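The values are calculated or read from the model by the stated rules, or taken from the named source; none is laboratory data. Everything numeric here is computed off the predicted structure, so don't read it as measured data. We place every Cβ from the backbone using ideal geometry, glycine too, and count neighbours over all the protein chains shown. For accessibility, only protein heavy atoms count, side chains too; no ligands or nucleic acids. Shrake-Rupley method; radii C 1.70, N 1.55, O 1.52, S 1.80 Å.
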Amino acid sequence: MKSRSALCHSNFKILAGIAAFFFLLSSVARSLHAEQQNVQPIVMDLQLDGEVEPVLATYIDEGLADAARRNSSLVLITMDTPGGLSDSMKDIIQHILGSPVPVAVYVGPTGARGASAGFFILLSADVAAMAPGTRTGAASPIIAIGGFTIGVDETLRKKITNDAMAFLRSYSEKRGRNAKLAETAVTDAKAFTETESLDGKLIDYVAATPEELLRSLNGKTITRFDGTKTTLALTNYQRLSFELSARQKFLARIVEPDMFFLLLILGTLGLYAEFTHPGAVVPGVVGGICSVLALYAMHLLPVNLAGILLILIAVTLFVLEAKYTSHGILLAGGVVAMVFGAIFLIRSPLTPGGVSLGMAVAVTLPFAAISVFLMRLVLRSRKWKQATGAEEMLGEQGIAAAGLNTGVEGMIRIHGENWRALAQQDVAAGSAVQVRKIQGLTLHVEPANAQSATKSSK
């Protein structure tokens, strides 16, 4: 009986242990399931605000990479841009097309635009959306000044336009968008409202807010650029912002074409003022700083050598205007050269990105006036008579106090002082003499009336 009781007790312990094990296993499973249910999908927020330039392109690239590291469900790029540089635009599009995380580009808020380079970027996204009261398009690469197209060779114009159209088709068709209508933004510089874009199948959604867009996308299946299909699970999502660093914000401002041109001209003007007026210090310091910042921006931007040469020619013409009488011809030529140099300064073949006409004119005119004024001051100062030292007495008149004999040192009185003097002819006492040469502390003089007679005979 005792052994049977012990055996039953032992079996009870085994069964209790098994039950406890399964209970613990069930608890762990429920905990893991709860954790999986509580994992929030991540939506990475990026801001494409302002001109499309190298620093902003780097920021977008880094944001897409960070979203991939976090296994984000979606990258949402909120865009408001007038356009920008084609090289930076292509870099952004390349990373959007190759992103392992789906990308939605949203033109917003109300009043925003996705023009020129922004239009290309919008159509490259997995999901393209716009807010009410926004517009996009106007992506023509043709360069125009003040509404007039610059005289470009017809073959070159067609080459640039066809290249832009082919680039747009290369990904918009695979995104299922209306490539034919999109091409009119390039060929005719056509722009579209959000309603026209949606009806024309250029975009996928019109949403008043990013939150409304994300609600619309929840559960939707989208086709990626490589043909794979992905279902967006955005229930109880978590939004994370990827911000520009303080350094990137500063550099982004510097590499804007308008700011780059302004820094370049301020640097040139500051150094020019310091060289023509040594010791001023402030122009040299400001000019040096601006020049270094401009050189850094030049390292990042696609600078056109023709633009640099035109600006150098303009500065040369301004200097020549101060030296020679051209009745304003050299000045006008310099202004025209600098304005065209500013416009051609940045290479952006697929988009009209670069220095604006307004900035080119607003900077060129003051620079022309100041540089000519400074050079004229320098040239005028070279004609000024020296006002200090013995040299100031050249041409001055004095009185032979006790008379002067030829080749014999005597004394004259000039400026209230007595000076040793030599004359090449006799001078009577009290007669006026004029200083013709200074040798050490001795003045070489001649009768003042002889100088007057010489001038009258000529």
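Points to keep in mind about this one:
- Amide H within-cut-off set for H444, under 5 Å, with H built and near neighbours excluded: L422, R436, K437, I438, Q439
- Accessible surface for the stretch 55-148, divided over its residues, is 29 Å² per residue with a 1.4 Å probe.
- When peptides 283-294, 416-427 are sorted by average Cβ neighbour count within 10 Å, with the highest value leading, the order is 283-294, 416-427.
- Sites listed here are chymotrypsin sites (Phe, Trp or Tyr not before Pro) in the stretch 282-340 whose DSSP assignment is loop and whose Cβ has at most 11 other Cβ atoms within 10 Å: Y324.
- Using θ = phi - 60° in the Karplus curve 6.51 cos²θ - 1.76 cosθ + 1.60, the 3J(HN,Hα) couplings for the stretch 115-127 round to 8, 6, 4, x, 5, 4, 5, 4, 6, 7, 6, 4, 10 Hz; x is entered for Gly and Pro.
- Long-range amide H partners of V433 with built H, under 5 Å: G398, I399, A400, A448
- Highest-first arrangement of 154-161, 372-379, where packing means the average Cβ count within 10 Å: 372-379, 154-161
- Accessible area per residue in Å² at 1.4 Å probe, computed on the stretch 199-315: 54 Å²
- For the stretch 107-114, the Karplus equation 6.51 cos²θ - 1.76 cosθ + 1.60, evaluated at θ = phi - 60°, returns couplings of 7, x, x, 4, x, 6, 9, x Hz by residue, with Gly and Pro reported as x.
- Distance violations [Cα-Cα > 24 Å] among K90/K180; K174/K201; K159/K201; K90/K249; K159/K229: K159/K201; K159/K229
- Interchain or long-range residues, amide H under 5 Å from L234's placed H: G219
- Relative contact order computed over the stretch 213-275 (Cα-Cα under 8 Å; 6+ residues apart), in percent: 18 percent
- Relative contact order of the stretch 164-234, pairs being alpha-carbon contacts under 8 Å that are 6 or more residues apart, as %: 23 percent
- Phi angles of the stretch 52-64 translate, via the Karplus equation with coefficients 6.51, -1.76, 1.60 and θ = phi - 60°, into HN-Hα couplings of 7, 9, x, 5, 5, 5, 5, 4, 4, 4, 5, x, 5 Hz per residue; Gly and Pro are given as x.
- Shape analysis of the stretch 40-112 yields a ratio of the Cα radius of gyration to the Kirkwood radius, Rg/Rh, of 0.96.
- Note on the stretch 234-328: Kirkwood hydrodynamic radius from all Cα pairs is 16.0 Å, rounded to one decimal.
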